[in-house]
Structure formats: structure tokens, C-alpha cells
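The values are calculated or read from the model by the stated rules, or taken from the named source; none is laboratory data. The shown structure was predicted, so the numbers you read here are calculated from the model rather than taken from an experiment. Positions of Cβ are generated from backbone atoms using ideal geometry, with glycine treated the same way; all protein chains shown enter the neighbour counts.
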Ligand code: G6P
């Protein structure tokens, strides 16, 4: 077992460190030299795919947060409405699904019962079903019209890490492919985005190389009883995923909020010493939300919060308001989740380890929930 962990103390730590190759392998062979996406493996008629009027993403847990990230990118690139819903909510209401609907399920295992049942239901209603899955030949891809595999390699730790980054990568490939089919983006734009995606593995490695900074913070917070996470735009699902990791393996109460919601409730939770992670968007770019998030940091800090910030390299504006800053390399806003999630994974893993918990086998949780 020690050898399988590649010298790391846990599968989770190994899998966090596997992320550069999880992203690289998921990108591999999916575009030609000219930057044209070649997702022939999908097996859905490209003409039909180009015509879809709506996308519904179905998933549970971490995979559902990957879906929430994907919504921002796919709507922006393809101008197709994207709904993201938990599989167990979708299947028990009366959703509007027809032949023009593309249902994209996201599942690491391909065996999550609620997601499988939701896909079956969508298929019965005439939707086209596409599975984004990490497990070859598992049930959900077998029952779907099409599959786009993530190539993260086997994920053993219950809490998902490398599958999440690979899922975001795969949904982005799908979004770019749709944009290519529909002519929403010029080929040069697609090529540029693919080039930016191609730089992600090295940037994730850069984050991993500086893991000690976040580990030290994690060890100092062993006694934390509650940690809040804030983000906006794609940083919002990142905040929720950061909170989920902490609940899952460190058994610490944690919530992720959209920073814009602060005034509508969460800010009442802030008192002296309350740790708050804030995922800060890039200060570059025309429609930057950067200044709004910096104001949110000031708001919670003024009420006593201990502000822990994940920001882009070179962002000096956050320094004055942060107890702690972790910098991630510069990248386009939509790709930021592929970097900003990593320090939050490391934080949860190190904190749980410091508390003496088995990070690979958290209490009450299963790797794959194959029952209702
Ligand atoms: C379980 C696991 C999570 C995972 C979720 C969905 O709850 O503990 O890590 O995100 O199932 O699993 P799936 O295999 O469908 O992605």
C-alpha cells in the first residue's frame, strides 16, 4: 500500500499531487495541431449537438461543483443556457426536458445511483445524454448516448480532488467543442483558450511546490470550529468545494457563500476570530469583480474575521486586508478554479491530518454512493 501511495502518507495527498497530470492527460489528444477540437469519441452526431437549445448538468457532491464551474464557461462561450442540478433533486421533480436538451452528467465513479437514475429519467424524456466520467466502462457512461472520459487515473481517497480538476477540464473541452460546432468562437479564440489550458498543469505544479505555506496555516488552525469560504463568479463554486473538503475529512463546520450574499445573512455569523477564506478574482480584465471582493474582505475583517485569501500573483491590493495570502499564478478568470481549488484541498488535507484523522476514509462517507 505504501508503494501505491507513491511515497505520500495518504492517497489523498498523492492524488492532490497527481493533479498536473490529471489535467494534462485529460487534455491529451483532444485537439489537432491547428487547435481544432477532435472529440469524435463522443458518438453524438455533431449536427444534432450543435442544435441543442439547453444543457442540464446533473451530478452529486464535488462533481456537482465542477458542473457549477462549467456553467460559467459554457454559457459564456456557447450562449446556450446551462442549468446545474443535483441528480436527486432533478429526478424527483417534474423537469422540462425534451429532444433539444443535452443532459451532461458528471461522475467520477460512473456508479452514483442518483445520477444514474437521473440520466435514465432524462433519456426516457427524449434528452440526449452525455457522461463525463473517470471510470472506463462504468454504468453511467454505458447507459449514456455519449461519453467524454476524464483521465485523472483511479481516485482512491473518498474526498475527490484530482477528479474535480479533470472534470472541469473535460467540461471546458466540451464547451469549446460546442462553440466550435456552432461558430460561437473563432478558431483563433479556441486555439488561445486551449493554449491557456495547456499551461495549467505547470501552474498547478507551481501551487503544489508552495504547499508548505498553506500547510503551516492549516496546522495552526487545528482548533477551528467553523470556517467560512467566500467567492464570486467561478470563485463561488470553488468556495463551496473548499468548504466541502473541510467538512468531509476534518469534520469542521464549513460553508461556502457567494460573497454578494454576505449582507443577506452570512455576515451575521462573523465575530471575533472567525476564519474566512476568500477566493479573489484576478484584478486584470475589464469586468473585474476584484474590487467588489476586496470590499467583501474589508467588510468581514471590520467585524473581526480572520481573513485568509487566495489571490492572483501580483495582487498587492489584498495584502492590507489579509491575515494570510496564498498567491496562485496568473490565468484567465474562467480557468482560475483549476488553480484556486488546490490550496483549499491542501488546507483540508493537512488540517485533518494534524487532527489525527484518516483522510482517505472519513467517517460515514463512501467513495461511491450506489444506494439511495
Ligand atoms: C461521494 C464521494 C464524493 C463524490 C460524490 C459523487 O459523496 O464521497 O467525493 O464527489 O460521491 O460521486 P461521483 O462518483 O458521482 O462523482
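Values for this structure:
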{"read-out": "Looking only at the range 118-143, and only at residues there that are in contact with a helix residue (DSSP H, G or I) (Cβ under 7 Å, 6 or more places away or on another chain) and within 13 Å of the ligand (Cβ to nearest atom), the one that is nearest to residue 345 (Cα to Cα)", "value": "134"}
{"read-out": "Residue within the range 145-157 that is more than 28 Å from residue 364 (Cβ to Cβ), assigned to a loop (DSSP other than H, G, I, E, B) and more than 14 Å from the ligand (Cβ to nearest atom) present", "value": "yes"}
{"read-out": "The range 159-200, subset in a loop (DSSP other than H, G, I, E, B) and either at pLDDT below 95 or surrounded by fewer than 21 Cβ atoms within 10 Å (Cβ to Cβ) (or both), residue nearest to the ligand (Cβ to nearest atom)", "value": "199"}
{"read-out": "Those residues of the range 7-24 which are touching a residue at least 12 places away in the same chain (Cβ under 8 Å) and surrounded by fewer than 18 Cβ atoms within 10 Å (Cβ to Cβ), in sequence order", "value": "9"}
{"read-out": "Which numbered condition residue 28 misses (of (1) within 17 Å of residue 149 (Cα to Cα); (2) in contact with a helix residue (DSSP H, G or I) (Cβ under 8 Å, 6 or more places away or on another chain))", "value": "(2)"}
{"read-out": "Hey, residue 110 touching a residue at least 12 places away in the same chain (Cβ under 8 Å), touching a strand residue (DSSP E or B) at 6+ places or on another chain (Cβ under 8 Å) and within 25 Å of residue 16 (Cβ to Cβ) or not", "value": "yes"}
{"read-out": "Selection within the range 52-73 - away from the ligand (no atom under 16 Å from the Cβ), farther than 18 Å from residue 127 by Cα and either in a loop (DSSP other than H, G, I, E, B) or touching a helix residue (DSSP H, G or I) at 6+ places or on another chain (Cβ under 7 Å) (or both)", "value": "72, 73"}
{"read-out": "All positions within the range 252-283 that are closer than 17 Å to residue 242 by Cβ, within 19 Å of the chain's Cα centre (by Cα) and outside any strand (DSSP E or B)", "value": "259, 280, 281"}
{"read-out": "Boolean, residue 206 is within 14 Å of residue 17 (Cα to Cα) and either assigned to a helix (DSSP H, G or I) or within 15 Å of the ligand (Cβ to nearest atom) (or both)", "value": "yes"}
{"read-out": "Residues of the range 285-308 satisfying the condition of being closer than 21 Å to residue 237 by Cβ and part of a loop (DSSP other than H, G, I, E, B)", "value": "285, 287, 288, 289"}
{"read-out": "Qualifying position, being over 13 Å from residue 334 (Cβ atoms) and in contact with a strand residue (DSSP E or B) (Cβ under 8 Å, 6 or more places away or on another chain), among 210, 182", "value": "210"}
{"read-out": "Matching residues in the range 347-372 - criterion: being part of a loop (DSSP other than H, G, I, E, B) and surrounded by 13 or more Cβ atoms within 10 Å (Cβ to Cβ)", "value": "355, 357, 358, 359, 360, 361, 362, 365, 367, 368, 369, 370"}
{"read-out": "Single residue of the range 14-51 satisfying the filter (touching a strand residue (DSSP E or B) at 6+ places or on another chain (Cβ under 9 Å) and in a helix (DSSP H, G or I)) that is farthest from the ligand (Cβ to nearest atom)", "value": "48"}
{"read-out": "Qualifying position, being closer than 26 Å to residue 359 by Cβ and more than 18 Å from the chain's Cα centre (by Cα), among 160, 144, 187, 138", "value": "138"}
{"read-out": "Cross-chain or 6+ apart pairs with Cβ under 9 Å, the range 307-333 first and without any contact (Cβ under 8 Å) to a residue 12 or more places away in the chain, then buried (at least 21 other Cβ atoms within 10 Å of the Cβ) and not in a loop (DSSP other than H, G, I, E, B)", "value": "319/309; 319/311"}
{"read-out": "Scan of the range 74-88 for residues that are outside any strand (DSSP E or B) and within 14 Å of the ligand (Cβ to nearest atom), ordered by number", "value": "87, 88"}
{"read-out": "Test: residue in the range 108-116 that is touching a helix residue (DSSP H, G or I) at 6+ places or on another chain (Cβ under 8 Å), closer than 21 Å to residue 258 by Cβ and in a loop (DSSP other than H, G, I, E, B)", "value": "no"}
